[in-house]
Structures are given as structure tokens and as C-alpha cells.
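For reference, the structure is listed below as C-alpha cells.
The values are calculated or read from the model by the stated rules, or taken from the named source; none is laboratory data. Fair warning: this is a prediction, and the values are worked out from it, not measured in the lab. Cβ placement follows ideal geometry from the backbone for every residue including glycine, while neighbour counts extend to all protein chains displayed.
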Amino acid sequence: MILAHIAIAVAAYLLGSIPTGYLLVRIFRSQDIRSVGSGNIGATNVLRHGGKILGILTFFLDVLKGSAAVWLGGLLGAWLMPTVPLRDAQALAALFAVLGHMYTCWLHFHGGKGVATGFGVFLVASPWAALAAIGVFAVILILFRYVSLGSIVASLAFLIFAWFIPPGPHPPVFYAVECIIAVLIIVKHHTNIRRLINGTEHKLGAKKPA
């Protein structure tokens, strides 16, 4: 049983750790995205310094790897430990997929902030709550043009939506993992939070790095 849990965690971590933004910019722009802007490998920095197409592609691929990791975790759970609830295996995979993105072993354990990958995870874990949260993100972005603020507020909103509109069995451990992921995303935005408080955070469309 322990080996099964380890297998799910490792598989999800490795899938989540694929540094899509870094790879896309390196392949198509011959540039290290970590050397420009915020130094982040996520979609926002890629969008600003690698171009719109690569930024959008980074976002969708990061979402995809998050969703795929949860799906894979559930599949492995059903195969390796059929007596364990599916939600437990999915929760384990969800957490390690996001950790893989944030602390990828391929880039000396420095990665992204987990927004797109977290959204991908949530799309499988709690789809309606995830869609509601992305709606909140869009509203905040339109009103204030701060990607970081939208991400932070959407992460908090997701927890509320996930509590009230679960799509199926939603055991406490599963919801606890969702809370951990949301908190991790917010914590990874600590420098953005500082800039938001100081009024120095850059808005979407600005040429300066975030």
C-alpha cells in the first residue's frame, strides 16, 4: 500500500514537474525565460517576454499536465490499491502535481507559481468550482488588470465554491488537499502581494516584468 502511494506521488510529481514554459521559450526563442522579467517559468512571464502564442500555449499545457496528473493518479489508484477511495488517490496526485510544477527537479527545484497547473488539477477534482473560480479570475483581471491579484482572489474563491458545489464525494481529506494547494499558490505570490501593497505591481499589458 505504501509503495502504491509512493508510485502515485512520484508519477504525479514528474508529470507536474515538466517545465513547459521554460522548454517552449528555450526551443522557439533560444532564450532562458528565467533570465528575463520575473524569472518565473509560468504563463504570465512567458506571455510578457516570450510572446502571446508561447504564453497561451504554456498556460494550456500547464493546465493539461495538472488535469492529466489527477486522472493518472485515479487510474493508478484503482489499479494498485482498489480498496482505497478514488478521491484519496486523486488528492495525492493533485498535491504532488502542483508541487512538481512549483519545485521542478529539472530546474534545481525552482518552478512556477502553480496557477495554471492548479487550475488543471481543480478542473478534474472539482470542475464546477474550478470554472466558477476562473470566472472570478477573469472579472478581477478585467477590472484591475493584475494577474497576481486575480490568481490570489480566484484561489480563495475556489475554496468557497468547492465547499458548496462539490461534483461528487468530497471527503475531508480531499478538501484539505484542495486547501493546501490554494494556500501554496497564494504563498508563491508573496512577492506579488508585497508589490500590490506597495502599489508597484505591474499590470497586464505593461512592458516591465512582473
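Among the numbered conditions (1) out of contact with any Phe, Trp or Tyr (no Cβ under 6 Å at 6 or more places or on another chain); (2) closer than 16 Å to Ala94 by Cα; (3) buried (at least 19 other Cβ atoms within 10 Å of the Cβ); (4) modelled with pLDDT of 95 or more, the only one that Ala130 does not meet is (1). For Ala176, the test of being over 24 Å from Leu14 (Cβ atoms), aliphatic (A, V, I, L, M) and assigned to a helix (DSSP H, G or I) is failed. Considering only residues that are among the polar types (S, T, N, Q) and outside any helix (DSSP H, G or I), look in the stretch 1-59 and name the one that is surrounded by the fewest Cβ atoms within 10 Å (Cβ to Cβ). Applying the filter and picking the extreme gives Ser30. Any idea how many residues of the stretch 73-91 are surrounded by fewer than 19 Cβ atoms within 10 Å (Cβ to Cβ) and either part of a helix (DSSP H, G or I) or touching a Ser or Thr at 6+ places or on another chain (Cβ under 6 Å) (or both)? Residues in the stretch 73-91 being surrounded by fewer than 19 Cβ atoms within 10 Å (Cβ to Cβ) and either part of a helix (DSSP H, G or I) or touching a Ser or Thr at 6+ places or on another chain (Cβ under 6 Å) (or both): 5 in total.
Among the residues in the stretch 117-126, are any under 18 Å from Ile2 (Cα atoms), among the aliphatic types (A, V, I, L, M) and either in a helix (DSSP H, G or I) or modelled with pLDDT of 95 or more (or both)? Walk me through how you get there before you give the answer.
As a first pass, look at the stretch 117-126 and keep what is under 18 Å from Ile2 (Cα atoms): none.
No, that holds for no residue.
Here is a yes/no grid of residues against (1) out of contact with any helix residue (DSSP H, G or I) (no Cβ under 8 Å at 6 or more places or on another chain); (2) surrounded by fewer than 18 Cβ atoms within 10 Å (Cβ to Cβ); (3) assigned to a helix (DSSP H, G or I):
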| position | (1), (2), (3) |
| --- | --- |
| Leu61 | no, no, yes |
| Ala93 | no, no, yes |
| Ala97 | no, no, yes |
| His110 | no, yes, no |
| Leu143 | yes, yes, yes |
| Ser148 | no, no, yes |
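Does Gly120 fit the bill of being buried (at least 24 other Cβ atoms within 10 Å of the Cβ), within 16 Å of Val183 (Cβ to Cβ), touching a Lys or Arg at 6+ places or on another chain (Cβ under 8 Å) and of a type in the set (Gly, Ala, Ser)? Spelling it out, it is not the case that Gly120 is buried (at least 24 other Cβ atoms within 10 Å of the Cβ), within 16 Å of Val183 (Cβ to Cβ), touching a Lys or Arg at 6+ places or on another chain (Cβ under 8 Å) and of a type in the set (Gly, Ala, Ser).
Matching residues to (1) touching a residue at least 40 places away in the same chain (Cβ under 8 Å); (2) at negative phi; (3) out of contact with any helix residue (DSSP H, G or I) (no Cβ under 6 Å at 6 or more places or on another chain):
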site	(1), (2), (3)
Gly73	yes, yes, no
Thr83	no, yes, yes
Arg87	yes, yes, no
Gly114	yes, no, no
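Is it the case, given these coordinates, that Ala176 is more than 13 Å from Thr44 (Cβ to Cβ) and of a type in the set (Gly, Ala, Ser)? So that I can check it myself, show each step before the final result.
Values: more than 13 Å from Thr44 (Cβ to Cβ): yes; of a type in the set (Gly, Ala, Ser): yes.
Yes; evaluated as a whole, the condition is true for this residue.
Pairs under 7 Å by beta carbon, first residue more than 18 Å from Gly118 (Cα to Cα) in the stretch 30-47, partner among the small types (Gly, Ala, Ser) and buried (at least 19 other Cβ atoms within 10 Å of the Cβ), six or more apart or different chains? Final answer for the pair search is Ile33/Gly21; Ile33/Gly50; Gly37/Ala210; Ser38/Ala210; Leu47/Gly55.
Please work out if Ala69 is over 17 Å from the mean Cα position of the chain (by Cα), assigned to a helix (DSSP H, G or I), in contact (Cβ under 8 Å) with a residue 40 or more places away in the chain and closer than 20 Å to Pro171 by Cβ. Considered against the rule, which asks whether it is over 17 Å from the mean Cα position of the chain (by Cα), assigned to a helix (DSSP H, G or I), in contact (Cβ under 8 Å) with a residue 40 or more places away in the chain and closer than 20 Å to Pro171 by Cβ, Ala69 comes out as no.
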